[in-house]
Each structure stands twice: as C-alpha cells, then as structure tokens.
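Read-outs throughout are calculated quantities, based only on the coordinates presented, and are distinct from any laboratory measurement. Computed from a predicted model, the values in this text were never measured in an experiment.
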C-alpha cells in the first residue's frame, strides 16, 4: 500500500486547504482507494452527504487510477451513476476505482463506494478520454509528495518521459 501525492489546489485531496476534504488516496495491487468519513458541513437538504460531493471524490479517484495503471492524464467523457443508498455523515466508507479496459484514447473505468460490511452505496461506470500530449510534469509541479514513498516519487517523476 502506498500513499499517492496530493494536489495542493484540490478541494478533495489537498492536505493544507482549510475548506477541503483532505482525503488521502492509496494505491495497492492495481486499485486506487480512499477511506473517507464526511462531516456534517457537507450535507444536503435531507441531512445526507451531498451527492455531487460523493461524485467528485469518485471522479478524483478515477483520475488517480488512470495515472497509476496507464500513466495517462485524462478527462471525463461520459459517466453513468447509480445511487443505491444515501451516504450518511460521520460514517466510514471506502471509495475505490479501477480500470476495466481501454481502447485507443478511451478508458473504461468503474468506481464505487462501500461501507465496512461491503454494501455498495454508489457506483460509477465511465468513459474517460486520454488527454493527448499532456504536459504531465508541468501539471505535477503542484503536487505534494511528502507522504509518498520513494517508489511513488520515482513513478510520478517518470511520467511524461519516454
């Protein structure tokens, strides 16, 4: 298991933003995951975790999964989201993302949120599009590697080089 670097500007992963979620993204055995617990400041009008916030977390983890598995920067093209149950505040969940397949510039992914008993709460099936000739190293200048292992630092440093 390895802690992945975080974007200093990201609402989701920045560890220094006061207004952010400060989630840590982990990598293990071909999948990306994060253990989350969302506080009451992010509830909707029904008192549950706002659905768009949950979607944003999942989208962020998909980006990391694509980087880790394919070494590509991507953008969301199309997603299907299934909400099975609302997320509750102050309850631990695990968010995961994996690459299902890829074809040309299209990357097919799945992300889901589960509770400690393995029950699914939300699932995304999506198509992401590779961002051709992305200036990966320029983009990564805003990342903090202080929690990452030397292996992860080397991996990210190698991105965008031939």
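Largest mean-square fluctuation among 43, 95, 25, in a Gaussian network model of the chain whose springs join Cα atoms under 10 Å apart, belongs to 43. Working from the Cα coordinates of the stretch 1-92, the gyration tensor eigenvalues give, after taking √(5λ), semi-axes of 23, 16, 13 Å in decreasing order. Rg and Dmax of the stretch 84-162, based on Cα coordinates, read 16.6, 45 Å.
Taking the centroid of alpha carbons for each part, the stretch 18-67 and the stretch 90-162 are 12 Å apart. Each listed q (0.09, 0.14, 0.17 Å⁻¹) maps to a log10 I(q)/I(0) for the stretch 2-158, found by the Debye formula over equal Cα scatterers with no solvent: -0.28, -0.69, -1.03. Extension gain for the segment residue 108 to residue 2, taken as residue separation times 0.36 nm less the Cα-Cα distance, is 35.8 nm to one decimal. Taking the longest Cα principal axis of the chain as reference, the axis of helix 51-70 is set at about 30 degrees. Among 81, 73, 113, the largest mean-square fluctuation in a Gaussian network model of the chain (Cα springs under 10 Å) belongs to 81.
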